[in-house]
1. So which residues in the range 130-163 are within 11 Å of the ligand (Cβ to nearest atom) and either among the acidic types (Asp, Glu) or assigned to a strand (DSSP E or B) (or both), if there are any at all?
2. I need the full set of residues from the range 171-193 which are within 18 Å of Thr152 (Cα to Cα) and buried (at least 19 other Cβ atoms within 10 Å of the Cβ), in order please.
3. For the range 195-224, give me each residue that is within 13 Å of the ligand (Cβ to nearest atom), in a helix (DSSP H, G or I) and not basic (Lys, Arg).
4. Regarding the range 20-38, can at least one residue be identified that is surrounded by fewer than 16 Cβ atoms within 10 Å (Cβ to Cβ) and closer than 15 Å to Gly133 by Cβ?
5. Which condition from (1) closer than 30 Å to Lys53 by Cβ; (2) touching a His at 6+ places or on another chain (Cβ under 7 Å) is the one that Leu155 breaks?
6. Tally up the residues in the range 43-102 that are closer than 25 Å to Arg191 by Cα and part of a helix (DSSP H, G or I), please.
7. Considering only residues that are surrounded by 14 or more Cβ atoms within 10 Å (Cβ to Cβ) and out of contact with any Ser or Thr (no Cβ under 9 Å at 6 or more places or on another chain), look in the range 89-110 and name the one that is farthest from Asp151 (Cα to Cα).
8. Given Glu123, Glu75, which one is surrounded by fewer than 17 Cβ atoms within 10 Å (Cβ to Cβ), more than 16 Å from the ligand (Cβ to nearest atom) and modelled with pLDDT under 95?
Amino acid sequence: MKVIILENAYEISKQAAEIFIKQINKKPGSVLGFATGASPVETYKRIIESYEKGEVSLKHITTFNLDEYADLDRENVNSYYYFMKDNLFGKTDVDFNKVNFLAGVKHEDAEAECKRYYEKIKEEGGIDIQLLGIGTNGHIGFNEPGEEFMDTPFLVKLTQSTIDSNKKYFEAVGTEMPGYALTMGVGDIMRSKKIVLIATGASKAKAIKELIEGEVTPHCPASILKLHSDVTVFLDKESASLLGDR
Ligand code: PGA
């Protein structure tokens, strides 16, 4: 794992965006895995800036997002589809026909939807670069801490820690946060050719210590990334604050 500690989120976003921009310019039809949440937002801004300057076109990329809330319409302001439209796709020349998402279906349709998504990733030849945040509990996508690593997409019951971190977005519009989500499995993430993880802020310090210095265990789902051959972790000083001397 390559660990890069930078001054702040802005510096991280410049380097993380550069990895994606270079990849797209090398292979315009790249298959890219994107993430939602606060962590990738600055990186998306840098990609949009490059697009606006004519340095990169997203027209031919195929995208897959990590996860989506269950039983939530994609036009809901808190859906992750909406988030990506708002924070990246709608501000670039992304071809929406090449945008792939787990649909926020009801529980009874989740199994078929997960299978469809797994097959679609395979059909596209796998993901060239997957962008990740990390939960304060060590989750990646919505792979919550548990007894086993999940291989393929599945319906997950969100933990209290995830609900505590994300409910503010739902409270802001007076709605309740769904208790379930559909997510890529850890296996889907690990099958990506390259992985870029971003973490900022002191609230991530414990998860980052477990990711980098702890054992590989499903109690910290991100810890499995140690077994991948091409992972770059971008940290700010706060999220790196519990790491031993490097
Ligand atoms: P955040 O979420 O970027 O909003 O902190 C990260 C995650 O939960 O994976």
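1. Residues satisfying the conditions are Leu131, Leu132, Ile140, Asn143, Glu144.
2. To start, the set of residues in the range 171-193 that are within 18 Å of Thr152 (Cα to Cα) comprises 180-193.
Of everything in the range 171-193, those that are within 18 Å of Thr152 (Cα to Cα) and buried (at least 19 other Cβ atoms within 10 Å of the Cβ) turn out to be Ala181, Leu182, Thr183, Met184, Gly185, Val186, Asp188, Ile189, Ser192.
3. Ala202, Ser203, Ala205, Ala207, Ile208, Leu211, Pro221, Ala222
4. Quick first cut of the range 20-38, residues surrounded by fewer than 16 Cβ atoms within 10 Å (Cβ to Cβ) only: 22, 25-29, 38.
Right, trim to closer than 15 Å to Gly133 by Cβ and you get 38.
There is at least one residue in the range 20-38 that is surrounded by fewer than 16 Cβ atoms within 10 Å (Cβ to Cβ) and closer than 15 Å to Gly133 by Cβ.
5. Unmet condition: (1).
6. Summing the residues that are closer than 25 Å to Arg191 by Cα and part of a helix (DSSP H, G or I) in the range 43-102 gives 11.
7. Restricting to residues being surrounded by 14 or more Cβ atoms within 10 Å (Cβ to Cβ) and out of contact with any Ser or Thr (no Cβ under 9 Å at 6 or more places or on another chain), the top hit is Lys91.
8. Matching residue, one of Glu123, Glu75: Glu75.
The values are calculated or read from the model by the stated rules, or taken from the named source; none is laboratory data. Computed from a prediction, not measured in an experiment: that's the story for all the values here. Methodologically, a virtual Cβ is constructed for each residue, glycine included, from the backbone with ideal geometry; neighbour enumeration extends over all protein chains shown.
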